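Below is one structure, written out as structure tokens; comments come after it.
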Amino acid sequence: MTAPSLDIVNRAIGQELEPLAYSYTERDAALYALGIGAPADPMDQEELKFVYELSNRGFAVFPTFAVTYSKDLIDRFLTGKLAGIVYNPMMILHGEQYLELLRPLPVKGTVRTAPRIAQIYDKGSGMLLTIEGESVDESGATLAFSRWSVFIRGLGGFGGDRGPGRKVKMPQTTPDFVQVEKTSETQALLYRLAGDANPLHADPQMAAIGNYDKPILHGLCTYGFAARAILRHCCANQPRRLRSIGARFSHHVFPGETLQTEIWSLDEREFHFQTRALERGAVVLSNGRARLRE
């Protein structure tokens with residue numbers, strides 16, 4: 001692949017992308033929760049409420065479901081062209097995700113998101129695009145703010161700003177909470193039904209183009225597993241308590257691997273976390289930080 005000129009990159013920064021609209025029902029919210037492993041125990045009423053609309057706890061939308069509000073961005077990435085920048089879509093990796101929740105998520109409705117290219121960085125081995133957007137409900141009230149960081153391998157070297165380092169240093173103490181869960185061999189095939197149809201996560205031939213031995217798990221699926229650990233250990237499984245959550249996708253995960261999420265409490269509302277794929281000893285989510293409401 002040939003890197004774009006710096007002039008093309010500079011023109012792309014700040015561009016507003018076509019607005020997104022997503023209509024969903026309780027079924028879509030439940031399918032997302034199943035895709036991120038809920039409930040770990042089908043007898044656990046506190047997680048069952050995220051997948052069962054007649055739950056005696058009252059049906060609840062899992063908070064990171066808000067990442068699906070801008071899921072149609074994935075289709076745009078897969079076109080291989082964005083704001084004048086041309087690339088091989090199989091070279092795309094989701095770099096980081098930040099989500100801030102401003103209101104409880106409705107169990108159904110239509111949500112609109114206005115994304116824009118906030119920044120583009122030259123990482124040498126690739127290009128890092130940061131896309132931001134607010135998601136609003138049908139009344140115009142803001143539900144969530146999202147920041148996507150997308151890495152395009154092989155597209156660096158265009159002479160742009162390398163960008164700031166944003167490394168979150170994990171404490172060297174024993175984690176306050178640890179959650180271990182094995183993903184299913186078909187986890188990626190289930191999660192993709194929530195809206196991420198990138199063939200990298202389903203088609204072995206497409207995974208091979210991306211230099212993977214087999215399809216990999218969506219980074220946002222791993223993110224959801226970690227969010228479930230945060231909600232369980234730090235929020236008593238009450239979705240309204242989670243204010244924000246962000247993490248870096250530092251390594252891929254293969255469906256069927258075991259995820260271990262380690263959480264450190266900094267105070268009553270601030271937490272750091274990371275997630276490992278135990279079979280390979282790899283840290284797959286780093287720079288994890290979560291904040292609760294007061």
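The values are calculated or read from the model by the stated rules, or taken from the named source; none is laboratory data. Everything numeric here is computed off the predicted structure, so don't read it as measured data. With ideal geometry, Cβ positions are generated from the backbone for all residues, glycine too; neighbour counts draw on all protein chains shown. We work out accessible area using only protein heavy atoms, side chains counted, and drop any ligands, DNA or RNA first. Shrake-Rupley method; radii C 1.70, N 1.55, O 1.52, S 1.80 Å.
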Inset, instruction - Compare 122, 7, 44 by solvent-accessible area with a 1.4 Å probe and give them largest first, with all protein chains kept in place. - result: 7, 44, 122
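Give me the accessible area per residue for the chain, probe 1.4 Å, as a whole number in Å².
44 Å²
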Legend entry - Carbon and sulfur %, accessible surface of the chain computed with the full protein complex present, 1.4 Å: 50 percent
Inset, instruction - Using the Karplus curve 6.51 cos²θ - 1.76 cosθ + 1.60 with θ = phi - 60°, work out ³J(HN,Hα) for each residue of the stretch 97-105 in order, rounded to whole Hz, and write x for Gly and Pro. - result: 9, 10, 9, 10, 9, 9, 8, x, 7
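Could you rank 27, 269 by how accessible they are, 1.4 Å probe, largest area first? Walk me through the numbers before you get to the answer.
Numbers: 27 170, 269 75 Å².
Heavy-atom accessible area, descending, gives 27, 269.
Which FRET efficiency value, to the nearest 0.05, is calculated for residue 103 and residue 2 with the Förster distance at 41 angstrom and r the Cβ-Cβ distance?
0.40
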Legend entry - Across 49/167; 169/214; 123/167, pairs whose alpha-carbon gap is larger than 24 Å: 49/167; 169/214
Inset, instruction - Go through the stretch 146-159 residue by residue and turn each phi into a ³J(HN,Hα) via Karplus (6.51, -1.76, 1.60, θ = phi - 60°); whole Hz please, and just put x for glycine and proline. - result: 10, 10, 9, 10, 10, 9, 10, 5, x, 10, x, x, 8, x
Inset, instruction - Would you please give the residues with an amide H less than 5 Å from that of residue 53, counting only those at least 5 places away or on a separate chain, with H modeled from the backbone geometry? - result: none
Inset, instruction - Name the shape class, rounded, prolate or oblate, that the alpha-carbon gyration tensor gives for the stretch 1-157, where a ≥ b ≥ c are the square roots of its eigenvalues, rounded holds for a/c under 1.5, and otherwise prolate holds if a/b is larger than b/c and oblate otherwise. - result: prolate
Inset, instruction - Note the full-extension length gain between residue 166 and residue 213 as 0.36 nm times their separation in residues minus their Cα-Cα distance, in nm to one decimal. - result: 13.9 nm
Legend entry - Amide N proximity, the stretch 10-46 versus residue 53 label position 7 Å along Cα-to-Cβ, cut-off under 13 Å: 24-31
Inset, instruction - At 7 Å along the Cα-to-beta-carbon direction for both residue 79 and residue 184, put a label point, then send me their distance in nm to one decimal. - result: 3.3 nm
Legend entry - Per-residue ³J(HN,Hα) for the stretch 74-83, Karplus 6.51 cos²θ - 1.76 cosθ + 1.60, θ = phi - 60°, Hz, x for Gly and Pro: 4, 4, 6, 4, 6, 6, x, 8, 9, 6
